[in-house]
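A short write-up of the structure that comes next.
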Amino acid sequence: MGSQYGLTDRAPIRSATGGARTGRICALVFGLALVGGGVPPGAAADVIVARNTPHLSFTASLSPDVARSAGKLSLVVHITPKRRMHVYAPGTHYRPVTVTLNRSAWLKPAKTTYPKASIYIFKPLKEQVLVYSEPFKLTTNIAIGAIPARMTQVKISGTLSYQACDDRVCYLPQSVPLEWTVPVRR
């Protein structure tokens, strides 16, 4: 399935490795899964969503790969702005990069943690703004409440929103959908 974000398949990619992921690593893991490799049974794996937009690329991993009542999840988004691009950080009057999870009675996300931003000076307006122009990471910890007993899997969805600019133009704000289907373990 194609999309405006260069997406060819919206299915999550499962990875048994931790840390930062690149498109090549995700493709390798997906390839291993197709030929019978991949995540061993019972191993904790992250659920990865990878996207490439005209302004940036990112991977969003949700771990562990199962949801449990009274458990915890961690959402980590690794973002790489394209060459000569920047996205706004919180604390500016422009639209900052944000991760928002859709409401659920059993999902309680904490505030997203952001890295230190750099100052960008936009000379035509003599304006200083907080931005990210190098690869960076956003983390959101999620507390899980009571998941109804009838549920065998849960859908977690949300958006990555941002406004990107280069050294000449600011582009319209974007919201990229995120979605995971995670099995429930009792």
| Straight-line reach from Lys111: which lysines have Cα under 21 Å away, leaving out those fewer than 8 places along the same chain? | Lys72, Lys137, Lys155
| query | Order of 125-135, 58-68 by packing, highest average Cβ count within 10 Å first? | reply | 58-68, 125-135
| said: With θ taken as phi - 60° and the coefficients 6.51, -1.76 and 1.60, list the Karplus ³J(HN,Hα) couplings across the stretch 64-80 in order, rounded to whole Hz; mark glycine and proline as x. | reply: x, 8, 9, 10, 10, 4, 6, x, 9, 10, 10, 9, 10, 10, 9, 10, 10
| request: Quick one: which residues, 5+ away or cross-chain, put their amide H under 5 Å from the amide H of Ser57? H built at 1.01 Å from N. | output: Thr80, Lys82
| Mind checking which lysines have their C-alpha under 22 Å from Lys123, skipping anything on the same chain fewer than 8 residues away? | Lys82
| Whole-Hz couplings from phi, Karplus 6.51/-1.76/1.60, listed for the stretch 114-124; x for Gly and Pro | 10, x, 5, 8, 9, 9, 10, 9, 8, 4, x
| message | Test of understanding: ordering Lys111, Lys155, Lys72 by Cβ neighbours within 10 Å, fewest first, what list do you get? | response | Lys111, Lys155, Lys72
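Each value in this text was obtained by applying a stated rule to the coordinates, not by laboratory testing. All of these numbers come straight from a predicted model, not from anything done at the bench. Note that we place each Cβ from the backbone using ideal geometry, even for glycine, and neighbour counts take in every protein chain shown.
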